[in-house]
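Q: Before I ask anything, let me first share the structure, which is written out below as C-alpha cells.
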Amino acid sequence: MANTFRAISLSYKTAPLAVRELVALDESEAKTFSLKLKELFGFQDILAVSTCNRTEIYYTAEADYAESIIKLLAIEKGLEKPADLPDYFVNLNDQTQAIRHLFEVATGLHSQVVGDLQIPNQVKHSYQWAVDADVASPFLHRLMHTIFFASKRVSQETSFRDGAASVSYATVELIADLTQNHNLPKVLVVGLGEIGTDVVKNLADKGFAQITLLNRTYAKSVSLAEGTDFRVADWENLEAEVAQADVIVSSLRVATPLFTKAFVEQLNILTFKYFIDLSVPRSVAPQAEEVPGALVYAIDDIQAKANAALQRRLESVPQVHRILDEAMAGFQDWSKEMVVSPTIQKFKQALDQIRKEELARQLKHLTPQEAEKFDKLTSNIVNRILRSPAVNLKNACRRGDADQLADVLSELFDLERQAEHK
C-alpha cells in the first residue's frame, strides 16, 4: 500500500471551546508529540497545527492511524475521560481531501473570521516546528511552499484579506486610526468578557499602545495580562484610569450606561478622548459626546465597518478557490512525477553504467585529454537519450497512465536486477 497524506481535524466547527482548550498544543508540546508519532508509527511527515480554534494533525502513512493518534493525544494531554474525544475529530483519510483542507485552513477559508490574517503565520510556525523536529520529507516541504505561494497570491490578487472583518479586529483598527498621531497612546479596556478579551489579544499582537486592563474581577485582568507588559488596574480606580486614557474600550454588561454625560464632564478633558462602546445595552451614554473633546463610537459603527470588510472577503472566495485549484493542480502533477522519479533515476544509472564500462575499455588507448573529451561526449549522449523517456513518463503521470510505461521501461532494461547488482 502506498504512503498517503492524511489528517485529523478538531475545530470550532466540531468542538466547543472547553474541548478545544483540552487538546491545544504549544510549540514544545507539538514538537514532542510529533517525535512520539514518528517513533511509535514511523510516519514520514508530521504537521501539528494548533490554534485557539483548531487542533489538527497531518501525517503521511500507509494506513489510517486516526484512532491511535487521538488516543496518544489524550494521553499526552493527561485527559481523564478521553472516550468521547474521537467524536469531535473529523478524519480526512483521502490524500486529495487532506491536502485541500490544509490549503483552505492555511489561506483562512475555514477561520471563524474568514480570511483571518493570523492563520498563514500560525501554519508557518507549525511547519517550522516540523522542520525543527525533523519530521518533514521532500513531499511536505514542497506542499508547504506551494501553500505559502498560493496564500501570497491570495493576498496580492484578491480582497480576501482586506479590512477588519470582526468586531474585535475592527476595534483595534479604529484605535490605530484614531491614535495615529500619538506616541504610545494609552488604551484602557474596561470589561473582559469574550469581546473585550478578543480586543486585548488583538491589541497585544500590534504593540502600538500602552494597554491597561480593568475588570470587576481583578483576577481575570491579572490572568489575561500574564506574559505581557499590560497594566492591571483596580475597579475602584475607574475614574482616575479613564481620566488618564486616550481611548476607552468598554464591553461591560450593564442595564444602564456607566459612562454618563455627568461622568465624562468630571474628567476635565483637555484633548480628544475616544470612547468605543462594544456593550449591548450601551455602557456609554450617547449624550457623553456632548462634552467637548469626547467622541463616542457605538458597536453599530464598528459592526458596520466589520460587515463591509466581511462582505468584500466573501465576494473574493470564488477567486481564492480558483487560485487554490491552480496551486493544487501543480502540486498534484509534481506528486505524480515523484512516483516515476525512481524509475527515471534507475534508467539513468543503467545507461551511465554502460557508458562507464565501455569508456573504461578504451581508456588504455587514450591520452588523459582525449579521455576527458570522451567522458563529456558520452555523458551528453546519455542525457540526450534519457530526455525523451523522462518527458514522456512525466506526461504520462499527468494522464494517469505512467505505471504501465514505467513497468515497460523497467522490463526492457532489467532495471530492478541492475539496481540490485549495482
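The values are calculated or read from the model by the stated rules, or taken from the named source; none is laboratory data. Since we're looking at a predicted model, the values are computed, not measured. For neighbour counting, all protein chains shown are included, and Cβ atoms are generated from backbone atoms with ideal geometry for every residue, glycine included. Surface areas here come from the heavy atoms of the whole protein model, side chains and all, with no ligands, DNA or RNA. Shrake-Rupley method; radii C 1.70, N 1.55, O 1.52, S 1.80 Å.
Q: Within segment 78-103, how many residues turn out to be in contact with a helix residue (DSSP H, G or I) (Cβ under 7 Å, 6 or more places away or on another chain) and assigned to a helix (DSSP H, G or I)?
A: Residues that pass the stated criteria total 7.
Q: Kindly indicate which of SER221, SER168 is open to solvent by less than 30 Å² (accessible area, probe 1.4 Å), over 30 Å from ILE323 (Cβ atoms) and of a type in the set (Gly, Ala, Ser).
A: Answer to the check: SER221.
Q: Ok, one more. How many of the residues making up segment 128-150 are open to solvent by 30 Å² or more (accessible area, probe 1.4 Å) and either in contact with a Phe, Trp or Tyr (Cβ under 9 Å, 6 or more places away or on another chain) or not in a loop (DSSP other than H, G, I, E, B) (or both)?
A: Summing the residues that are open to solvent by 30 Å² or more (accessible area, probe 1.4 Å) and either in contact with a Phe, Trp or Tyr (Cβ under 9 Å, 6 or more places away or on another chain) or not in a loop (DSSP other than H, G, I, E, B) (or both) in segment 128-150 gives 11.
Q: Find all pairs meeting these conditions: Cβ atoms under 7 angstrom apart; at least six residues apart or on different chains; first residue within segment 151-171 and assigned to a helix (DSSP H, G or I); second residue open to solvent by 40 Å² or more (accessible area, probe 1.4 Å) and not polar (S, T, N, Q).
A: As it stands, the answer is VAL167/ILE195; SER168/ILE195; SER168/ASP198; ALA170/LYS305, since those pairs meet every condition given.
Q: Is there a residue being open to solvent by 20 Å² or more (accessible area, probe 1.4 Å) and modelled with pLDDT of 95 or more anywhere in segment 117-127?
A: Yes, segment 117-127 contains a residue that is open to solvent by 20 Å² or more (accessible area, probe 1.4 Å) and modelled with pLDDT of 95 or more.
Q: Continuing with this model, one more query. One residue is enough: does segment 377-394 have a residue meeting the conditions open to solvent by 60 Å² or more (accessible area, probe 1.4 Å), modelled with pLDDT under 80 and touching a Lys or Arg at 6+ places or on another chain (Cβ under 7 Å)?
A: No, every residue in segment 377-394 fails to be open to solvent by 60 Å² or more (accessible area, probe 1.4 Å), modelled with pLDDT under 80 and touching a Lys or Arg at 6+ places or on another chain (Cβ under 7 Å).
Q: Looking at the structure I just gave you, is ILE8 at pLDDT 95 or above and in a helix (DSSP H, G or I)?
A: The answer is no for ILE8.
Q: If you don't mind, another one. Could you say which residue among SER166, SER151, SER137 is over 25 Å from LEU310 (Cβ atoms) and small (Gly, Ala, Ser)?
A: SER137
Q: Since SER166 meets every condition but one in (1) within 18 Å of ARG54 (Cβ to Cβ); (2) modelled with pLDDT of 90 or more, which condition does it not meet?
A: All conditions pass for SER166, except number (2).
Q: Hey, any hits in segment 45-52 for a residue that's more than 30 Å from SER159 (Cα to Cα), at pLDDT below 95 and surrounded by fewer than 23 Cβ atoms within 10 Å (Cβ to Cβ)?
A: no
Q: From the set of residues in segment 56-110 that are open to solvent by 10 Å² or more (accessible area, probe 1.4 Å) and in contact with a Ser or Thr (Cβ under 6 Å, 6 or more places away or on another chain), which is modelled with the highest pLDDT?
A: Checking each candidate, the answer is VAL90.
Q: From the list VAL254, VAL280, which residue is among the β-branched types (Val, Ile, Thr) and open to solvent by 50 Å² or more (accessible area, probe 1.4 Å)?
A: Answer to the selection: VAL280.
Q: Also, I was wondering about something else. Quick test for you: out of LYS36, LYS31, pick the one residue that is touching a Phe, Trp or Tyr at 6+ places or on another chain (Cβ under 7 Å) and either part of a helix (DSSP H, G or I) or over 20 Å from ILE119 (Cα atoms) (or both). Walk me through how you get there before you give the answer.
A: Numbers: LYS36 fails: touching a Phe, Trp or Tyr at 6+ places or on another chain (Cβ under 7 Å).
After applying the criteria, what remains is LYS31.
Q: Taking the residues in segment 314-335 that are farther than 14 Å from THR107 by Cβ and acidic (Asp, Glu) as candidates, determine which candidate is farthest from the chain's Cα centre (by Cα).
A: My answer is ASP333.
Q: Now a separate question. If you take just the helices (runs of 4 or more DSSP H) that sit entirely in segment 174-292, which of them hold at least 1 residues that are in contact (Cβ under 8 Å) with a residue 60 or more places away in the chain and under 19 Å from LYS305 (Cβ atoms)?
A: 194-206
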